[in-house]
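Undergrad: What follows is a structure written as structure tokens; I'll ask about it next.
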Amino acid sequence: MEWGERSVLPGAHYLFAGPASEWVWDTGPELILDSGGASTVTATVLEHPLGPHTVEEWLATDRPEDGSSLELIWGYWYVSPAPSYRHQRAAHRLGRVIEDALVAAGRTDLHMFSATAVEISTPWRTGLIPDVVVVDIDPDGVSVAREHLVLAAEVWSPGNSRSERETKIGAYAEAGVPYFWSIELDHDRRVSALVAYRLIRGRYVEQTVATPGSTVTITAAPIAITFDPAYLTA
């Protein structure tokens, strides 16, 4: 599937995710998309050179007012629709589970945040906003540097493309993030699985697969965390 670009501002290039019909823009030139008639427009930059935008530009850019997410992948703006209510609930409850575990363990050196901008790579012009992160610093600013990221978690809806997932997971691995959690939502936006990975020799290795309805202890994390994934979207 091919992907399209649209310049909302002069020199600004965007990659789109999700059904094209969901995108409504109030300003800028006409939307140009090439998806071969498909209802979903996805994007991959593997076949393209680095885009024109930098991490510094990304940090200085105002976030969309409609609640959509603006990330930077290999120099291109990556825009995804505002998350559904159940997506937000899953992310919020996941953060609560992690925060409670950190407090119970007395780990005052670690901090949980939701939807925090992470400077993944300046040379590769990539900045992401994971749904939940654990960092080893109490940040004072609008972003966190990659070296402080201990765990990153992404909640995936059915509309998230394979290329988006692989690109983001690869970016976290390249950034050296020790732990990564992948939370899958089904078409009813209920959690179907949680997969926890540990970074080993630069690659994420699956450590735990948890499904709703059973309590599991996840050790692919800075501390052991025990819960039932069903709680995330119950």
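Undergrad: Looking only at the stretch 101-137, which residues are over 25 Å from G67 (Cα atoms) and either of a type in the set (D, E, K, R) or without any contact (Cβ under 8 Å) to a residue 60 or more places away in the chain (or both)?
TA: Matches in the stretch 101-137: V103, A104, G106, R107, T108, D109, P123, D136, I137.
Undergrad: Within the stretch 171-234, considering only strands (runs of 3 or more DSSP E) that don't extend past its boundaries, which have at least 1 residues that are of a type in the set (A, V, I, L, M, F, W, C), surrounded by 15 or more Cβ atoms within 10 Å (Cβ to Cβ) and under 18 Å from the mean Cα position of the chain (by Cα)?
TA: 179-185, 191-200
Undergrad: Hey, another quick one. Return the pairs, sorted by first residue and then second, in which the second residue is modelled with pLDDT of 95 or more and surrounded by fewer than 16 Cβ atoms within 10 Å (Cβ to Cβ), the first residue lies in the stretch 80-94 and is within 13 Å of V132 (Cβ to Cβ), the beta carbons are less than 8 Å apart, and the residues are 6+ apart or on different chains.
TA: Pairs found: R93/Y231.
Undergrad: While we're on this one: Residues to consider are S143, S69, S114; find the one that is polar (S, T, N, Q), more than 22 Å from A221 (Cβ to Cβ) and in contact with a helix residue (DSSP H, G or I) (Cβ under 9 Å, 6 or more places away or on another chain).
TA: S143
Undergrad: Based on what the data block shows, is D131 under 20 Å from I218 (Cβ atoms) and over 13 Å from the mean Cα position of the chain (by Cα)?
TA: no
The values are calculated or read from the model by the stated rules, or taken from the named source; none is laboratory data. The model shown is predicted, which means the values in this text are computed figures rather than measured ones. In this analysis, Cβ positions are derived from the backbone assuming ideal geometry, glycine residues included, and neighbour counts consider all displayed protein chains.
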